[in-house]
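Any read-out appearing in this document is the output of simple, stated calculations on the displayed coordinates, not a laboratory observation. Computed from a prediction, not measured in an experiment: that's the story for all the values here. So basically every Cβ, Gly included, is an ideal-geometry build from the backbone, and we count neighbours across all protein chains shown.
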Amino acid sequence: MPSKGDIVVKENKVWASWAADLFSKRARGCARNGAPFSVAISGGGTPRPVHRLLAQEPYRSEIPWTGVHLFWVDDRCVPKTSPASNVGAAKADFLDHIPIPPSQIHPMPTGIPPADGARQYEEALRAFFGAEPFPAFDLMLLGIGQDGHTASLFPEQRALDEMKRWVVAVKGGNPNVSRLTMTLPVLNSAREIVFLISGKEKAAVTRAIFDEGGTPLPAQRVQPTKGRVIWLVDDQASSLLDKKERR
């Protein structure tokens, strides 16, 4: 079982609003302290209800978007107009509907050779966060696949053992295309990580995440060195968890 983190189980009808509330609270907290709010998001279908809420009231007005810097933990090397593009989906869901300065949206460069894109995005991260040791995002919103992957870090990939680079090029998943992904040291340097897990098809992998023994799944290797993890699970995805594991 992951050594850090809280399991928060919410009914599906309030699951997305819980995450949007947290996003808003963290953004407003950074603004009160006069600091930018750095957040990294992921793609796939799971986070889309959260993203769509962020474009609606009260979040659209209460979040200080002029202080938000938005990054991606991973993306597929496809055109931004492709249904498989994480940044394309985010644009449709909320980025085109909120008053965030365009210069504070930091998409991955997916239109160039993957190795070049990985280097370029790492350079962009270093320019924003500084050189060492790894970037400390205020918030990361991650998901998990049915195989236990998170970001684009898939089981048995060499990328899981990368300890120096911030961003790497990989290939895998569905669709099986080249991708760019942040590495585990970057994920584990975040101040706060929320895993967004919903749907009955995620019940088995959610159960596996909290079982001990065996080779750790990629998502189980997300254990921030100084931050914390929240596993935000809806009632369907949590159906195989013991009651004592729920909160």
Q) Given a cut-off of under 8 Å on Cα pairs at least six residues apart, what relative contact order in percent is computed for the chain? A) 26 percent
**Q.** Estimated 222 nm signal from helices in the chain, with DSSP H stretches of n ≥ 4 weighted -39500 (n - 2.57), rounded to 500
**A.** -8000 deg cm²/dmol
Q: With an 8 Å cut-off on Cα pairs and a minimum separation of 6 or more residues, tell me the relative contact order of segment 76-164 in percent.
A: 14 percent
Q) Hey, quick one: spin label on Asp21, modelled 7 Å out along Cα-Cβ, who in segment 63-90 has an amide N within reach, i.e. under 20 Å? A) 63-64
(Q) Take the residue pairs Lys91/Lys202; Lys25/Lys226; Lys164/Lys226 and return only those whose Cα atoms are more than 28 Å apart. (A) none
Q: For Arg221 and Ala136, calculate 0.36 nm times their separation in residues minus their Cα-Cα distance, and state this gained length in nm to one decimal.
A: 28.9 nm
Q. Does segment 78-151 come out rounded, prolate or oblate, given a ≥ b ≥ c as the square roots of the eigenvalues of its C-alpha gyration tensor, rounded meaning a/c under 1.5 and, failing that, prolate meaning a/b above b/c?
A. rounded
Q: Along Cα→Cβ, 7 Å out, is where each label goes; now give me the distance between the ones at Ala127 and Arg32 in nm to one decimal.
A: 3.3 nm
Q: Name all residues of segment 206-223 having a backbone nitrogen under 18 Å from the label point set 7 Å from the Cα of Asp235 along its Cα→Cβ direction, giving them as ranges.
A: none
Q. Based only on Cα atoms, what Rg/Rh ratio does segment 2-109 have, Rh being taken as Kirkwood's radius?
A. 0.97
(Q) For the chain, I need the span (max minus min coordinate) of the C-alpha atoms along each principal axis, in Å, sorted largest to smallest. (A) 45, 42, 35
